[in-house]
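The values are calculated or read from the model by the stated rules, or taken from the named source; none is laboratory data. Since the model is a prediction, treat every value here as computed from it, not as a measurement. Positions of Cβ are backbone-derived with ideal geometry, glycine not excepted, and every protein chain shown enters the neighbour counts.
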Amino acid sequence: MTKKIGITGLSGFVGTHLRDRLSREQEMEVLPFEDGYYDNPEAFVEFAKKADVIVHLAGVNRHEPQVVYQKNIELMEKLLEYVDASGNKPCILFSSSTQIERDNEYGRGKKRAMELLEAWSQKTGAFAVSMVVPNVFGDGGRPFYNSVVATFCYQVTHGQQPTILHDGLMTMIYINNLVEDIVKLIKEPPGGYRVEYIKPRAEIKVSELLTRLNKYKDFYYGSGMVPSVGSDFERDLYNTFITYMDASDWERHLKLNTDERGSFVEVFKLENGGQVSFSTTRPGITRGNHYHIRKNEKFCVVSGQASIKLRRIGTDKVIEYKVSGDKPSWVEMPIYYTHNITNIGEMELVTLFWINEHFNPDDPDTFFEKV
């Protein structure tokens, strides 16, 4: 049986992500909702009649302090009023905030809304959860509204200088993690009323956050290097950063080095992980005839036919691999093995290279010797 899910604030940051996540659940249906329903009791009541679960995300966090306080209470009051008028008893999941622990109007408004929800649950016997949510970040967050991550990402990618007003330690959760936590509560609603403290996935100081984002900017717009993302948080932060760029920034033109043999292009340089390049080679042409004493290198022919030959220096034995883009494979280039690659086909040869360090012309670790 299909479970019908209502989401207030459906068009907002968390609402759109939750809607998209629930669209992948075969036995769940997201009900239509418009912000205008709050001023249209009949539409809101019809919405509430159909819902098995209502996830209450609608809220205000930017306005005059008293307005922020009153509006968040009012949104909860109207929700409970219209649900009661519908005669239905959906489970209500309310998105509160860790700001309830601070002395500000937003936190006080959210805390009062939690109290109203608890009293309603106890009175009606309906299930309800107040989710205390840490700072949320991810693609689609509105700069200067949803989170400091959204604001900093926009500023850093658009030539603006962010300002740190208070260098505090922030608890963070990525939007995908948050919606998974909400989906779990939808699938397994608790009995009665409870407060659910949504587990943060990372902690970071504001200054450290800005340092990381500036590093991403310098890499992306400068060297083109792909930064190391050693944790889920770093991966999610980097993915979020990219979404705030202009679409024109997602294309990077590479340097094409061409001579009589063909072309060579460095594609990606990784902060930790070396670099990826490719070459084109004309028929009958041989590249290489050199060895390395520290570099780890691999060849992969992606188009055309090639002969790859290796020989341990100081020995006579030649190892040959005949490879083709029709049957892709990669071939190892061990240290102290001089190696080359020859285009033995009739079409241009395209070869992909991975090597574990960036090329340094002052220390190339490349010693020429014919195979």
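Structural remarks
- Near pairs, Cβ below 6 angstrom, 6+ apart or cross-chain, from the range 155-167 (without any contact (Cβ under 8 Å) to a residue 40 or more places away in the chain) to any residue that is surrounded by 12 or more Cβ atoms within 10 Å (Cβ to Cβ): GLN155/PRO162
- Qualifying residue in the range 22-39 (condition: in the same structural domain as ARG108 (by TED's automatic domain parsing), of a type in the set (Lys, Arg) and within 21 Å of LEU117 (Cβ to Cβ)): no
- Tally, over the range 329-353, of residues that are buried (at least 17 other Cβ atoms within 10 Å of the Cβ) and hydroxyl-bearing (Ser, Thr, Tyr): 4
- Contacts under 9 angstrom Cβ, first residue in the range 305-317 being closer than 25 Å to LEU349 by Cβ and assigned by TED's automatic domain parsing to the domain that holds TYR291, partner β-branched (Val, Ile, Thr) and in a loop (DSSP other than H, G, I, E, B), 6 or more apart: GLN305/ILE344; ALA306/ILE344; SER307/ILE344; LYS309/VAL371; LEU310/VAL371; ARG311/VAL371
- Residues that are outside any loop (DSSP other than H, G, I, E, B) and among the polar types (S, T, N, Q) within the range 292-343 comprise SER303, GLN305, SER307, SER324, THR338, ASN340, THR342, ASN343, listed in sequence order.
- Looking across the range 21-33, just one residue is exposed (fewer than 13 other Cβ atoms within 10 Å of the Cβ) and in contact with a helix residue (DSSP H, G or I) (Cβ under 9 Å, 6 or more places away or on another chain), and that is PRO32.
- One residue stands out in the range 262-283 among those that are outside any strand (DSSP E or B) and touching a residue at least 60 places away in the same chain (Cβ under 8 Å): the one that is nearest to ASN135 (Cα to Cα), namely GLY273.
- Within the range 310-327, the set of residues being under 42 Å from the mean Cα position of the chain (by Cα) and surrounded by fewer than 20 Cβ atoms within 10 Å (Cβ to Cβ) comprises TYR321, LYS322, SER324, GLY325, ASP326, LYS327.
- The single residue among PHE152, PHE137 that is in the same structural domain as LEU79 (by TED's automatic domain parsing), more than 30 Å from GLU81 (Cα to Cα) and in contact with a helix residue (DSSP H, G or I) (Cβ under 6 Å, 6 or more places away or on another chain) turns out to be PHE137.
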